[in-house]
Amino acid sequence: MRAQVAIIGAGPAGLLLGELLALAGIETVIVEQKSRAYVESRVRAGVLEQGTVGLFDKLGISARLHAQGLVHNGFQIAVRGQLHRIDLHALTGKSVVVYGQTEVTRDLIAARLAAGRPILFEAADVAIRNLDGPDIGNTRPHLTFMRDGQSQHLDCDFIAGCDGFHGVSRPTIPAALLPTCERVYPFAWLGILAEVAPCSPELIYARHRNGFALASMRSNTRSRYYIQCGPDEKLDDWPDERLWDELRRRLGPEAAAGMTTGPAIEKSIAPLRSFVAEPMQYGRLFLAGDAAHIVPPTGAKGLNLAASDAYYLSEAIARHYRDGSRDALAQYSDTALRRVWKAERFSWWMTGLLHKLYDEQSFEARMQTAELDYLFGSRAARTVLAENYVGLPY
Ligand code: RFL
Ligand code: PHB
């Protein structure tokens, strides 16, 4: 098999990249280790920046997104039982769209397969071969993998490593040439999805002495909630009743009054981490999305960064095929990382602002309270929060 660009991973980064490259007339093959059903049912992100929605518009695949996605012009922050609104639209002129990652991947996969562009699902032992050094040289790399019991070989000009945090792409790069920067937070998020109406028309981020909580949604009949828990806690520690009780407590009386409870359709615990590997390129291998960086989900940035990486990488590759230049390819990492680091900063800041990290009487906890107080009293501070939340420009 041969493609101009071999893409590893059919998550948001790989799928978006594939469609953006197709728009530029560039052939791709996506190699994915899981099944289509598995990829389409992975419950994760929910908030899309306007820039991410813009990419769907550009690809001409945003009809369902606009029909079913919920436009949110603001969100709430609950502190000591009181709600404080961050009016995104008034502060920035922009809004976000609540549309689940499951729907994002479903739309992208449907569009790709309808156009006859290949996704090789259930590919095992994917390996990157023939990367001959850090520079973009002339040697062509290839992929090998197993599919339907047969070993396969995919020749290409470039490889896009879009295989998430636990993929093979990043570990293929010699560690000595790929410095990483990491913060593992001393807590996790327990998430629950339930077929019940949301407790509030807007997202509520709560800072409570027991820990953080978030009320989100997937539609007007499906809710997504998260609470901060210990990194070693187990799902068994959190039977549904305990979880709903704690959500009511942390989100405050107004949210509690509007809350409908119901059985969990999905329940999972995710550790929180900030991570960046740089550069996002080694030879003809380019990393995009979670393969290169992770943010804690507090700022709703992970999927949106996967989208901006896919955009920058598609532009660089398209320019290369158009005018033969390697400059754009060589600059991809720096260009993408400038936006990545700002989102890392914002996600780290939002996480520190809203989670229980310290003893309530500690200096740090008092700083957190003072910062929230300042935020609620200052339009300038709220504007800083809002312009980061809706997404910095590409
Ligand atoms: P993905 O989605 O992990 O996709 C990688 C794909 O690569 C495949 N793969 C391989 N394929 C072949 N060979 C291998 N060896 C492979 N190894 C892996 C995987 O099967 C998979 O299909 O990475 P991508 O595309 O970079 O997308 C990143 C986003 O998924 C992620 O950043 C977001 O989900 C993060 N995130 C959020 N982001 C937002 O922008 N807004 C949000 O509201 C938001 N909420 C969240 C989140 C992540 C969460 N968790 C579970 C960490 C909420 C949560 C709870
Ligand atoms: C979600 O709905 O899954 C969600 C929303 C906002 C976040 C993180 C996750 O900050």
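Condition check ((1) assigned to a helix (DSSP H, G or I); (2) not hydroxyl-bearing (Ser, Thr, Tyr)) across all residues:
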position	(1), (2)
SER268	no, no
LEU272	no, yes
GLU315	yes, yes
ARG322	yes, yes
field: Out of SER314, SER216, SER268, sole residue that is small (Gly, Ala, Ser) and closer than 26 Å to LEU177 by Cα
entry: SER314
task: Residues being within 13 Å of SER308 (Cα to Cα) and touching a Phe, Trp or Tyr at 6+ places or on another chain (Cβ under 9 Å): count how many of those fall in the stretch 7-36.
output: 3
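Table: residues versus (1) in a strand (DSSP E or B); (2) buried (at least 19 other Cβ atoms within 10 Å of the Cβ); (3) away from ligand 2 (no atom under 14 Å from the Cβ).
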| position | (1), (2), (3) |
| --- | --- |
| SER151 | yes, no, yes |
| CYS156 | yes, yes, yes |
| ALA160 | yes, yes, yes |
| LEU193 | yes, yes, no |
| ALA197 | no, no, yes |
| ARG209 | no, no, yes |
- request: Can you confirm whether the stretch 33-45 contains a residue that is in contact with an Asp or Glu (Cβ under 6 Å, 6 or more places away or on another chain) and farther than 23 Å from VAL295 by Cβ?
  value: yes
query: Within the bounds of the stretch 219-232, is there any residue that is at positive phi and either assigned to a loop (DSSP other than H, G, I, E, B) or within 22 Å of the chain's Cα centre (by Cα) (or both)?
result: no
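Residue-wise test of (1) free of Cβ contacts under 8 Å to residues at least 60 places away in the same chain; (2) surrounded by 21 or more Cβ atoms within 10 Å (Cβ to Cβ).
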position: ARG284; (1), (2): no, yes
position: ASN304; (1), (2): no, yes
position: ASP309; (1), (2): no, yes
position: SER314; (1), (2): no, yes
position: GLY324; (1), (2): yes, no
position: LEU329; (1), (2): no, no
position: TYR332; (1), (2): yes, yes
position: THR335; (1), (2): yes, no
message: Whether any residue in the stretch 149-157 is without any contact (Cβ under 8 Å) to a residue 12 or more places away in the chain, at positive phi and more than 19 Å from the chain's Cα centre (by Cα) is what I want to check.
response: yes
field: Complete set of residues in the stretch 359-394 that are within 28 Å of ALA336 (Cβ to Cβ), out of contact with any Asp or Glu (no Cβ under 7 Å at 6 or more places or on another chain) and assigned to a loop (DSSP other than H, G, I, E, B)
entry: LEU392, PRO393, TYR394
- prompt: Which of the residues belonging to the stretch 112-155 are within 16 Å of ligand 1 (Cβ to nearest atom) and small (Gly, Ala, Ser)?
  reply: ALA123, ALA124, ALA127, SER151
Those residues of the stretch 169-189 which are β-branched (Val, Ile, Thr) and surrounded by 19 or more Cβ atoms within 10 Å (Cβ to Cβ), in sequence order: THR172, ILE173
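Laboratory data are not the source of any read-out in this text; all were calculated from the coordinates shown. Predicted model only: the values in this text are computed from it and were never measured. With ideal geometry, Cβ positions are generated from the backbone for all residues, glycine too; neighbour counts draw on all protein chains shown.
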